[in-house]
């Protein structure tokens, strides 16, 4: 190929070549189809702002504000909104009003409102408060498990088994989370086979979906691909989700990689709520707005109205007296550019 | 290919198989293995500082460039030979060029919007220059007060003079994924402008998502169109992070065979079209991703972060790099 002089290769335009080689357009299309990535047609967004987001915000948020945030999010087209957490208020004071929140939100018929339940006690309280879906949190790192919930991975899974069994009997779906899927603040890199093992256990116990969390945001497309490759051997892609943190700015690139590998559920947080407890001043959750912008730009459907999410983000940031972490929300703040941007991407 | 290589005079003389072989080689194809090495073109001292409100003292600029040279960056855009009337930040262009400590093996290109700027640049010791075209007519008119064609004619003067002087020229195309005035931009238009710059003699064409509106789908489509006219080895991507899409867009570009990425230390340089929004993608964040992918860059990330910390202190602003913001407390 390199034998042809550059000038010969580039002296003619594509249009001129088509005239002499009519088969060219079809051939290029076939080449493209063989090599281009396939993306899902639809991606489900799991909005974790009201729980994972607010839990990691320093400011205590009044119950009324939490309820209004969730109600605003319910109007955006989101189909899953993690509402609160039934953990002891001693450990997580931000979630002390869990019962009040769950009972006061306006539940849209198109939306599910999972809540965190770390153990049977939390599960029972959640059900008493009207929860119809719950979530349990495992870890791929032993040290993280011990430091975070004071027990080993094995012990935590035994605890969850109880919750999952009871939930099954009551026909309450359970979502599983695995933290430190791409790295641990204590152990450093985590073996992808270890992640796969924990994911498999949660799935086999009865979790309908397992969300893989890059808890400290250290993952890159390389480590994401490696981890998903291992996990997909044990659990179908349709039962997997990615929960990427943007602490090192890698979240969207990691999500893109996950989509290329067949994942079609993505967790995110409105306005990028929730900093990283392991890196002072750093960001945490990826912003729902930025994820939606990318997906819609790629022609992937989500059913979510980006402008309404931006409004909800605006509301909670004002209430928290903080700036949004969403770049899309920051850019859209300038209305002189807004109308032109609508032409390009909504 | 199995065919004996002849010496065709025109591409039209090629057989179908030969043409397929040529096209497979020059066309960008999605799904290629990632490059082993990526060249980072550091635009902080020029594109970055040019879009910062605070005027930076000359010694600070020089020290920044010297620190970036020590960090292992192979190309550092040093300054711009535009009229100081238009860009006061770059008024000390000659002083900066003469004051920096040029590391062997490192390139220090400078912007030259016209022949006058080019001559001044060469006089000040520039060994490489850069010219800026646009893929949008309205943007061209509003930005440099002439049509795209007129600007390309102006640049032809520069590339001719550069050839005679043995100076390399890098071409930029702005608004490749969207224009603040026109909205959507056709990939074919970008391809045409890129091709003209390449045919004029630019050794590399950097495709700029000037307002950061692009997403991976659009980037893939763009690169397919442009790589039909310019070899993928001669292309670079210059992604803005205004909508947070830069790293995802860069990843797609790498997957399509691009191995040159422009970025700005600490993400210097806001977006002049969206108040308060970010602009250039941060070099630290790009390098973090590339190294995480096992791609070599020759860049020392801690030294790069030192340079970023230095310029942010001088500008009295927070870094826009997420990697720089994340200092683990454990």
>> So if I check each of A:193, A:166, which one is more than 19 Å from the chain's Cα centre (by Cα) and either buried (at least 21 other Cβ atoms within 10 Å of the Cβ) or free of Cβ contacts under 8 Å to residues at least 40 places away in the same chain (or both)?
In response: A:193
>> Within segment B:288-303, take every residue that is away from chain A (no Cβ under 11 Å) and touching a strand residue (DSSP E or B) at 6+ places or on another chain (Cβ under 9 Å) and give me the one that is farthest from residue B:266 (Cα to Cα).
In response: B:296
> Only one residue in B:195, B:189 is more than 8 Å from every other protein chain (Cβ to nearest Cβ), part of a helix (DSSP H, G or I) and surrounded by fewer than 21 Cβ atoms within 10 Å (Cβ to Cβ). Which one?
Replying inline: B:189
> Quick one: which of A:260, A:250, A:280 is within 9 Å of chain B (Cβ to nearest Cβ) and over 23 Å from residue B:290 (Cβ atoms)?
Replying inline: A:280
>> Out of everything in segment A:263-277 that is touching a strand residue (DSSP E or B) at 6+ places or on another chain (Cβ under 8 Å) and outside any strand (DSSP E or B), what residue ends up being nearest to the other protein chains (Cβ to nearest Cβ)?
In response: A:276
> When segment B:198-225 is examined, which residues are found to be facing chain A (nearest Cβ under 8 Å), buried (at least 24 other Cβ atoms within 10 Å of the Cβ) and in contact with a strand residue (DSSP E or B) (Cβ under 8 Å, 6 or more places away or on another chain)?
Replying inline: B:211, B:212, B:214
> When residues of segment B:247-267 are filtered for being over 14 Å from the mean Cα position of the chain (by Cα), surrounded by 24 or more Cβ atoms within 10 Å (Cβ to Cβ) and not in a helix (DSSP H, G or I), how many remain?
Replying inline: 1
>> Regarding segment A:65-78, can at least one residue be identified that is within 14 Å of chain B (Cβ to nearest Cβ) and modelled with pLDDT of 85 or more?
In response: no
> Out of all the residues in segment A:62-78, which are crowded, with 17+ Cβ neighbours inside 10 Å and either out of contact with any helix residue (DSSP H, G or I) (no Cβ under 8 Å at 6 or more places or on another chain) or in a loop (DSSP other than H, G, I, E, B) (or both)?
Replying inline: A:74, A:76, A:77, A:78
> Where residues in segment B:157-186 are in a strand (DSSP E or B) and touching a residue at least 40 places away in the same chain (Cβ under 8 Å), which of them is nearest to the chain's Cα centre (by Cα)?
Replying inline: B:172
>> List the residue pairs whose Cβ atoms are under 7 Å apart, where the first residue sits in segment B:108-128 and is assigned to a loop (DSSP other than H, G, I, E, B), the second is buried (at least 17 other Cβ atoms within 10 Å of the Cβ) and at pLDDT below 95, and the two are 6 or more positions apart or on different chains.
In response: B:113/B:82; B:113/B:132; B:113/B:144
> If you take the residues in segment A:191-217 that are under 19 Å from residue B:291 (Cβ atoms) and in contact with a helix residue (DSSP H, G or I) (Cβ under 8 Å, 6 or more places away or on another chain), which one is farthest from the other protein chains (Cβ to nearest Cβ)?
Replying inline: A:192
>> Looking only at residues that are farther than 24 Å from residue A:225 by Cβ and surrounded by fewer than 24 Cβ atoms within 10 Å (Cβ to Cβ) in segment A:250-278, which one is modelled with the lowest pLDDT?
In response: A:277
> Which one of the conditions (1) facing chain A (nearest Cβ under 7 Å); (2) within 27 Å of residue A:227 (Cα to Cα); (3) outside any loop (DSSP other than H, G, I, E, B) does residue B:244 fail to meet, given that it meets all the rest?
Replying inline: (3)
> Within segment B:255-264, is even one residue away from chain A (no Cβ under 13 Å), closer than 25 Å to residue A:288 by Cα and at pLDDT 95 or above?
Replying inline: no
> Do we have residue A:268 as touching a residue at least 60 places away in the same chain (Cβ under 8 Å) and in contact with a helix residue (DSSP H, G or I) (Cβ under 9 Å, 6 or more places away or on another chain) here?
Replying inline: yes
> Residues in segment A:220-247 that are surrounded by 21 or more Cβ atoms within 10 Å (Cβ to Cβ) and either out of contact with any helix residue (DSSP H, G or I) (no Cβ under 6 Å at 6 or more places or on another chain) or within 10 Å of chain B (Cβ to nearest Cβ) (or both): how many?
Replying inline: 11
> Looking at segment B:118-138, is at least one residue closer than 22 Å to residue B:281 by Cα, out of contact with any helix residue (DSSP H, G or I) (no Cβ under 6 Å at 6 or more places or on another chain) and away from chain A (no Cβ under 14 Å)?
Replying inline: yes
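The values are calculated or read from the model by the stated rules, or taken from the named source; none is laboratory data. This one's a predicted model, so the numbers in the text were calculated from it and none came from an experiment. In this analysis, Cβ positions are derived from the backbone assuming ideal geometry, glycine residues included, and neighbour counts consider all displayed protein chains.
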